Amino acid sequence: MKKEWIVGLMIFIAVILLTVFASFFLGDKSSPASGGSGGSGVSVPPIPITYDNMEAMLSKNAIVGALPEGSVIFLRFYNFNTGEREWERSFIMKRGEVKEGYFEKADITMILHSKYLAQLTDRNFCSVIKSAKANGDLGTETELSTTKLLWKFRSIRQYRDCLGF
(Lines give C-alpha, C1' and ligand atoms only; values in the text may rest on other atoms or scores of the structure.)
Protein backbone atom coordinates (compact mmCIF):
# COMPACT_ATOMS: atom_id res chain seq x y z
CA MET A 1 0.00 0.00 0.00
CA LYS A 2 2.77 2.43 0.98
CA LYS A 3 4.81 1.52 -2.11
CA GLU A 4 1.82 2.17 -4.42
CA TRP A 5 1.23 5.54 -2.78
CA ILE A 6 4.87 6.58 -3.29
CA VAL A 7 4.80 5.48 -6.95
CA GLY A 8 1.55 7.42 -7.49
CA LEU A 9 3.05 10.52 -5.87
CA MET A 10 6.17 10.27 -8.03
CA ILE A 11 4.04 9.99 -11.20
CA PHE A 12 1.99 13.00 -10.12
CA ILE A 13 5.13 15.08 -9.51
CA ALA A 14 6.57 13.98 -12.88
CA VAL A 15 3.38 15.07 -14.67
CA ILE A 16 3.48 18.47 -12.91
CA LEU A 17 7.13 18.97 -13.83
CA LEU A 18 6.52 17.98 -17.47
CA THR A 19 3.58 20.39 -17.68
CA VAL A 20 5.64 23.26 -16.27
CA PHE A 21 8.57 22.42 -18.54
CA ALA A 22 6.34 22.21 -21.64
CA SER A 23 4.52 25.47 -20.94
CA PHE A 24 7.77 27.29 -20.21
CA PHE A 25 9.83 26.05 -23.13
CA LEU A 26 7.21 25.07 -25.69
CA GLY A 27 4.47 27.62 -24.95
CA ASP A 28 2.73 29.47 -27.80
CA LYS A 29 4.95 32.40 -28.63
CA SER A 30 3.18 33.33 -31.85
CA SER A 31 0.22 35.21 -30.37
CA PRO A 32 0.43 39.02 -30.58
CA ALA A 33 -0.92 39.18 -27.03
CA SER A 34 1.88 36.95 -25.73
CA GLY A 35 4.71 39.00 -27.16
CA GLY A 36 6.20 36.33 -29.42
CA SER A 37 8.03 36.77 -32.67
CA GLY A 38 5.28 35.25 -34.79
CA GLY A 39 7.01 31.87 -35.11
CA SER A 40 9.25 32.86 -38.01
CA GLY A 41 12.45 32.30 -36.05
CA VAL A 42 13.56 35.84 -36.86
CA SER A 43 13.54 38.27 -33.97
CA VAL A 44 11.47 41.29 -34.98
CA PRO A 45 11.60 44.28 -32.65
CA PRO A 46 8.30 45.34 -31.07
CA ILE A 47 6.45 48.19 -32.77
CA PRO A 48 5.61 51.12 -30.48
CA ILE A 49 1.91 51.99 -30.42
CA THR A 50 1.01 55.67 -30.75
CA TYR A 51 -2.28 57.43 -31.25
CA ASP A 52 -1.48 57.56 -34.97
CA ASN A 53 -1.11 53.78 -35.42
CA MET A 54 -3.32 52.52 -32.57
CA GLU A 55 -6.20 51.50 -34.85
CA ALA A 56 -3.95 49.35 -37.05
CA MET A 57 -1.83 47.88 -34.26
CA LEU A 58 -4.60 47.01 -31.77
CA SER A 59 -6.81 45.63 -34.57
CA LYS A 60 -4.16 42.89 -35.01
CA ASN A 61 -4.04 42.10 -31.28
CA ALA A 62 -5.23 38.60 -30.31
CA ILE A 63 -7.50 39.99 -27.60
CA VAL A 64 -9.31 42.29 -30.04
CA GLY A 65 -9.59 39.48 -32.57
CA ALA A 66 -11.16 37.22 -29.95
CA LEU A 67 -13.80 39.69 -28.72
CA PRO A 68 -17.31 38.24 -28.85
CA GLU A 69 -19.43 39.27 -31.83
CA GLY A 70 -21.52 42.34 -30.96
CA SER A 71 -19.41 43.37 -27.97
CA VAL A 72 -17.88 46.83 -27.60
CA ILE A 73 -14.99 47.97 -25.43
CA PHE A 74 -14.39 51.69 -25.22
CA LEU A 75 -10.77 52.63 -24.44
CA ARG A 76 -10.23 56.21 -23.23
CA PHE A 77 -6.91 57.90 -22.50
CA TYR A 78 -6.53 60.75 -20.03
CA ASN A 79 -3.87 62.88 -18.37
CA PHE A 80 -3.61 65.16 -15.33
CA ASN A 81 -1.30 67.73 -16.94
CA THR A 82 -3.36 70.67 -15.60
CA GLY A 83 -4.11 69.11 -12.23
CA GLU A 84 -7.52 67.92 -13.44
CA ARG A 85 -8.41 64.97 -15.64
CA GLU A 86 -8.20 65.86 -19.31
CA TRP A 87 -9.44 63.45 -21.97
CA GLU A 88 -7.03 62.90 -24.80
CA ARG A 89 -8.21 60.29 -27.33
CA SER A 90 -10.72 57.45 -27.31
CA PHE A 91 -10.98 54.21 -29.27
CA ILE A 92 -13.82 51.80 -29.92
CA MET A 93 -12.77 48.14 -29.91
CA LYS A 94 -14.96 45.55 -31.61
CA ARG A 95 -14.10 42.04 -32.82
CA GLY A 96 -11.05 42.46 -35.06
CA GLU A 97 -11.24 46.24 -35.37
CA VAL A 98 -10.31 49.38 -33.50
CA LYS A 99 -11.54 52.82 -34.55
CA GLU A 100 -11.01 56.20 -32.98
CA GLY A 101 -14.23 57.77 -31.76
CA TYR A 102 -16.76 57.96 -28.97
CA PHE A 103 -19.23 55.29 -27.89
CA GLU A 104 -21.98 55.93 -25.36
CA LYS A 105 -23.17 52.41 -24.47
CA ALA A 106 -20.08 50.19 -24.45
CA ASP A 107 -20.08 46.87 -22.64
CA ILE A 108 -16.85 47.89 -20.90
CA THR A 109 -15.21 51.29 -20.70
CA MET A 110 -11.49 51.20 -19.92
CA ILE A 111 -9.98 54.46 -18.71
CA LEU A 112 -6.19 54.48 -19.01
CA HIS A 113 -3.65 57.15 -18.07
CA SER A 114 -1.87 58.28 -21.24
CA LYS A 115 1.58 57.92 -19.63
CA TYR A 116 1.32 54.19 -20.45
CA LEU A 117 1.19 54.99 -24.17
CA ALA A 118 4.97 55.54 -24.11
CA GLN A 119 5.56 51.89 -23.18
CA LEU A 120 2.78 50.30 -25.25
CA THR A 121 3.88 48.10 -28.17
CA ASP A 122 2.24 45.59 -30.49
CA ARG A 123 3.32 42.85 -28.06
CA ASN A 124 2.62 44.08 -24.54
CA PHE A 125 -0.99 45.32 -24.36
CA CYS A 126 -1.86 42.85 -21.63
CA SER A 127 1.17 43.58 -19.43
CA VAL A 128 0.70 47.35 -19.79
CA ILE A 129 -2.97 47.07 -18.74
CA LYS A 130 -1.99 44.91 -15.75
CA SER A 131 0.71 47.40 -14.74
CA ALA A 132 -1.68 50.35 -15.02
CA LYS A 133 -4.27 48.51 -12.93
CA ALA A 134 -1.69 47.65 -10.26
CA ASN A 135 -0.63 51.32 -10.13
CA GLY A 136 -4.19 52.65 -9.89
CA ASP A 137 -4.03 54.23 -13.35
CA LEU A 138 -6.72 52.08 -14.96
CA GLY A 139 -10.42 52.40 -14.40
CA THR A 140 -13.14 50.14 -15.76
CA GLU A 141 -16.82 50.87 -16.01
CA THR A 142 -19.73 48.70 -17.09
CA GLU A 143 -23.48 48.71 -16.70
CA LEU A 144 -23.58 44.92 -17.04
CA SER A 145 -23.89 42.75 -13.97
CA THR A 146 -20.89 40.58 -13.19
CA THR A 147 -22.82 37.51 -14.35
CA LYS A 148 -23.80 39.10 -17.69
CA LEU A 149 -20.29 40.45 -18.18
CA LEU A 150 -18.66 37.07 -17.55
CA TRP A 151 -21.20 35.30 -19.77
CA LYS A 152 -20.87 37.76 -22.67
CA PHE A 153 -17.06 37.67 -22.55
CA ARG A 154 -16.74 33.96 -21.72
CA SER A 155 -14.94 33.28 -25.01
CA ILE A 156 -12.02 35.47 -23.87
CA ARG A 157 -11.89 34.54 -20.20
CA GLN A 158 -8.16 33.87 -20.55
CA TYR A 159 -7.73 37.63 -21.20
CA ARG A 160 -9.82 38.80 -18.21
CA ASP A 161 -6.87 40.44 -16.48
CA CYS A 162 -5.89 42.14 -19.74
CA LEU A 163 -9.23 43.91 -19.85
CA GLY A 164 -9.10 45.12 -16.27
CA PHE A 165 -11.86 42.92 -14.82
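When residue 12 is tested against (1) closer than 28 Å to residue 154 by Cβ; (2) among the aromatic types (Phe, Trp, Tyr); (3) at pLDDT below 75, just one condition goes unmet, and that condition is (1). Residue under question is residue 100, and the condition is that it be of a type in the set (D, E, K, R) and modelled with pLDDT of 95 or more; does it hold? Yes: the conditions hold for residue 100. Is at least one residue of segment 82-89 over 19 Å from residue 161 (Cα atoms), surrounded by 13 or more Cβ atoms within 10 Å (Cβ to Cβ) and aromatic (Phe, Trp, Tyr)? Checked segment 82-89: no residue is over 19 Å from residue 161 (Cα atoms), surrounded by 13 or more Cβ atoms within 10 Å (Cβ to Cβ) and aromatic (Phe, Trp, Tyr). Kindly indicate whether residue 83 is in contact with a strand residue (DSSP E or B) (Cβ under 8 Å, 6 or more places away or on another chain) and without any contact (Cβ under 8 Å) to a residue 12 or more places away in the chain. Against the criterion (in contact with a strand residue (DSSP E or B) (Cβ under 8 Å, 6 or more places away or on another chain) and without any contact (Cβ under 8 Å) to a residue 12 or more places away in the chain), residue 83 does not qualify. Among the residues that make up segment 56-74, is at least one of them closer than 21 Å to residue 88 by Cβ, of a type in the set (D, E, K, R), out of contact with any helix residue (DSSP H, G or I) (no Cβ under 7 Å at 6 or more places or on another chain) and at pLDDT 55 or above? No, there is no match, as no residue in segment 56-74 is closer than 21 Å to residue 88 by Cβ, of a type in the set (D, E, K, R), out of contact with any helix residue (DSSP H, G or I) (no Cβ under 7 Å at 6 or more places or on another chain) and at pLDDT 55 or above.
In a residue-by-residue description of segment 66-86, the property of being in contact with a His (Cβ under 8 Å, 6 or more places away or on another chain), under 30 Å from residue 147 (Cβ atoms) and part of a strand (DSSP E or B) applies to at least one position. The single residue among 95, 123 that is under 15 Å from residue 71 (Cα atoms) and of a type in the set (D, E, K, R) turns out to be 95.
The values are calculated or read from the model by the stated rules, or taken from the named source; none is laboratory data. Given the structure is predicted, the values throughout are model-derived calculations rather than measurements. Quick reminder, even Gly has a Cβ in these numbers, built from the backbone with ideal geometry, and neighbours come from all protein chains shown.
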